[in-house]
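Step one of this worksheet: look at the structure below.
The values are calculated or read from the model by the stated rules, or taken from the named source; none is laboratory data. As the structure is a computational prediction, the values presented were derived from the model and not from experiment. Please note: Cβ atoms are built from the backbone with ideal geometry, for glycine as well, and neighbour counts cover all protein chains shown. For accessibility, only protein heavy atoms count, side chains too; no ligands or nucleic acids. Shrake-Rupley method; radii C 1.70, N 1.55, O 1.52, S 1.80 Å.
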Amino acid sequence: MLTVGLVGARGHTGKELVAILSRRDDMRLVFASSRAMAGEPVSNLAAQARGDLMFEAMGPEDIAARGADAVILALPNGEAAPYVAAIEAAAPGTILVDLSADYRFDDSWTYGLPELYGRERLKGATRISNPGCYATAGQLCVHPVRDLLAGPAHLFGVSGYSGAGTTPSRKNDVEALKDNLMPYSLTGHMHEREMTRHLGRTVCFTPHVAPFFRGIVVTAQLKFSSQCSREMLKGRFEKAYGGQRLIRLSDTIPEIRDGQNTPGAVVGGWSVDKNDFYAVVVCALDNLLKGAAVQAVQNLALAAGLDEFSGIA
Ligand SMILES: NC(=O)c1ccc[n+]([C@@H]2O[C@H](COP(=O)([O-])OP(=O)(O)OC[C@H]3O[C@@H](n4cnc5c(N)ncnc54)[C@H](OP(=O)(O)O)[C@@H]3O)[C@@H](O)[C@H]2O)c1
């Protein structure tokens, strides 16, 4: 039984992590930290949680002292470092999975996107950075054809407002979002840099937030240096993802609803212009699941040598 602690458990991704961990019989959630909900049963937020599990307000040292086999950090960007430092000082063998962007650019951490970058490298890993939600969808669109690209991949992304977390902002304000679509971070978004780094190809990415709660669509515009017919394009994706349990290929264009509340991603659409040098591929997924909690549990399970899909699919 792998004991797991969850830091930032009352957030959107924390709630999904509680649900997934509660469905596994080889992992046990041993603590769930929240300052705002301290003292309340975790089942008040996620009905699947054990009745005796309470939210606790815990600082970095408290968390390190609990000695869990693994700790998942589901904190806002920029908050992980004190927790990592405390765990490294007190219990350096702990498996750490960080959902924020804080270690996605750090080579001493393993970036965990199993379908693209492999499962072997996650075995025994103790420092795992979990990819961003848009970054997962975008890389799933680009990776199988990255060697054909003639220039930057251009990605248009739309997310539900749960992607903006629970701290109030204009990007999760349902009044500001009503009948609206908000483009933001027009250049230089964190996930643009993340995709560029891990794909080894320049990505230009513009995110948008929409009035629905969950789900992401990324539409990738890809210019090729050599001809690529629709059959070749589709063949690349079939070869890359054919055996992947969480990735479904679709001839029809994936939409937000195809990804919402599903553990994996839908990739497809396969449109190629008439001279075969330009294609568009679409990915839909749930930002809170394959874009966050599902991927974190896949990564943790692979690191610990456990079943990758238990509790997930
Ligand atoms: N939402 C998504 O779609 C998504 C997808 C992929 C990755 N991520 C990443 O996952 C992380 C969590 O995202 P989220 O959407 O779940 O965030 P969230 O809903 O805003 O939740 C953040 C959690 O962190 C806790 N927290 C906030 N500030 C803290 C601090 N200074 N110290 C300790 N705890 C603090 C909050 O609980 P208390 O305030 O009660 O302590 C809450 O449980 C972020 O880094 C985000 O970038 C999110």
Using Cα centres only, tell me the gap between segment 181-244 and segment 137-175 in whole Å.
-> 7 Å
In order through segment 51-57: 3J(HN,Hα) via Karplus (6.51 cos²θ - 1.76 cosθ + 1.60), integer Hz, x for Gly, Pro = x, 8, 8, 10, 5, 10, 7
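Report, in debye and to the nearest 20, how large the dipole of segment 133-286 comes out about its Cα centre when Lys and Arg carry +1 and Asp and Glu carry -1 on their Cβ.
Numbers: 17 positive and 14 negative charges, 60 e Å.
Dipole magnitude for segment 133-286 comes out near 280 debye.
Can you tell me the accessible area per residue over segment 133-286, all protein chains present, probe 1.4 angstrom, in square angstrom? Numbers along the way, then the final one.
Values: 7080 Å² over 154 residues.
Here the residues of segment 133-286 average 46 Å² of exposed surface.
Taking a ≥ b ≥ c as the square roots of the Cα gyration tensor eigenvalues, with a/c under 1.5 meaning rounded and otherwise prolate when a/b beats b/c, else oblate, which class fits segment 227-286?
Values: a/c = 3.62, a/b = 1.68, b/c = 2.16.
It is oblate, given that a/c is not under 1.5 and a/b is not larger than b/c.
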Once all protein chains are kept in place, Tyr117 shows an accessible area at probe 1.4 Å, nearest 10 Å², of 50 Å²
Rounded to whole Å, sorted largest first: equivalent-ellipsoid semi-axes of segment 133-286, Cα gyration tensor = 27, 17, 13
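If you rank Glu79, Glu175 by how much accessible surface each has, with a 1.4 Å probe, what is the order from largest down? Don't skip to the end; give the middle numbers.
On the way: Glu79 95, Glu175 135 Å².
Per-residue accessible area, sorted high to low, gives Glu175, Glu79.
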³J(HN,Hα), Karplus 6.51/-1.76/1.60, whole Hz, each residue of segment 191-203, x for Gly, Pro | 6, 4, 5, 5, 5, 4, 5, 7, 7, x, 9, 5, 10
Among Ala36, Ala74, Ala57, the residue with the largest mean-square fluctuation in a Gaussian network model of the chain built from Cα contacts under 10 Å is Ala36
Run through the DSSP bridge list for segment 133-286 and note the antiparallel percent, rounded to the nearest 5.
-> 70 percent
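Out of the DSSP beta bridges found with both residues in the chain, what percent are antiparallel (nearest 5)? Spell out each step's value before the answer.
Working: 24 of 56 bridges.
Roughly 45 percent of the DSSP beta bridges within the chain come out antiparallel.
Sorted by packing (mean other beta-carbon atoms within 10 Å per residue), highest first, where do 226-233, 188-195, 43-50 land? Don't skip to the answer; put the middle values down first.
Working: 226-233: 14.0, 188-195: 20.8, 43-50: 16.0.
Packing order, densest peptide first, comes out as 188-195, 43-50, 226-233.
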With all protein chains present, calculate the accessible area of Phe213 using a 1.4 Å probe and round the result to the nearest 10 Å².
-> 80 Å²
What are the residues whose amide H is under 5 Å from the amide H of Ala32, where those residues sit 5 or more places off or on another chain and H is modelled from the backbone?
-> Leu6, Glu56
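Where both residues lie in segment 1-160, what percent of DSSP beta bridges are antiparallel, nearest 5? Mind dumping the intermediate values first?
On the way: 1 of 22 bridges.
So the antiparallel bridges in segment 1-160 amount to around 5 percent.
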Amide H to amide H, which residues 5 or more places from Ala265 or on other chains are under 5 Å from it, using H placed in the peptide plane?
-> Ile247, Arg248
Express the carbon and sulfur contribution to the solvent-accessible surface of the chain as a percent, rounded to the nearest whole number, probe 1.4 angstrom.
-> 50 percent
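So, by mean Cβ neighbours within 10 angstrom, what's the order for 250-262, 16-28 with the highest one leading?
Working: 250-262: 16.9, 16-28: 19.8.
Highest to lowest by the protection proxy: 16-28, 250-262.
Where nothing but the Cβ of Lys and Arg (+1) and of Asp and Glu (-1) is charged, how large is the charge dipole of the chain around its Cα centre, in debye to the nearest 20? Each step should come with its number before you reach the end.
Values: 31 positive and 33 negative charges, 115 e Å.
It comes to approximately 560 debye.
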Which of the peptides 298-308, 5-15 is most tightly packed, and how do the rest follow, judged by the mean count of other Cβ atoms within 10 Å per residue?
-> 5-15, 298-308
Of Lys15/Lys234; Lys234/Lys290; Lys123/Lys239; Lys234/Lys274; Lys239/Lys290; Lys123/Lys290, those spanning more than 27 Å from alpha-carbon to alpha-carbon = Lys15/Lys234
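Can you show me the helix-derived [θ] at 222 nm for the chain, built from DSSP H runs with n ≥ 4 at -39,500 (n - 2.57) apiece and divided by the number of residues, rounded to the nearest 500.
Details: 10 runs with 82 residues, N = 313.
Helix-only estimate at 222 nm: -7000 deg cm²/dmol.
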Using only the Cα atoms, work out Rg/Rh for the chain, with Rh taken as the Kirkwood radius, to two decimals.
-> 0.97
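Defining a contact as two alpha carbons under 8 Å apart and six or more residues distant in sequence, what relative contact order in percent does segment 133-286 show?
Numbers: 340 pairs, mean separation 43.6, N = 154.
Across segment 133-286, relative contact order equals 28 percent.
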Counting sequence-distant residues (5 or more places) and residues on other chains, those with an amide H built under 5 Å from that of Leu2 are Met27, Arg28
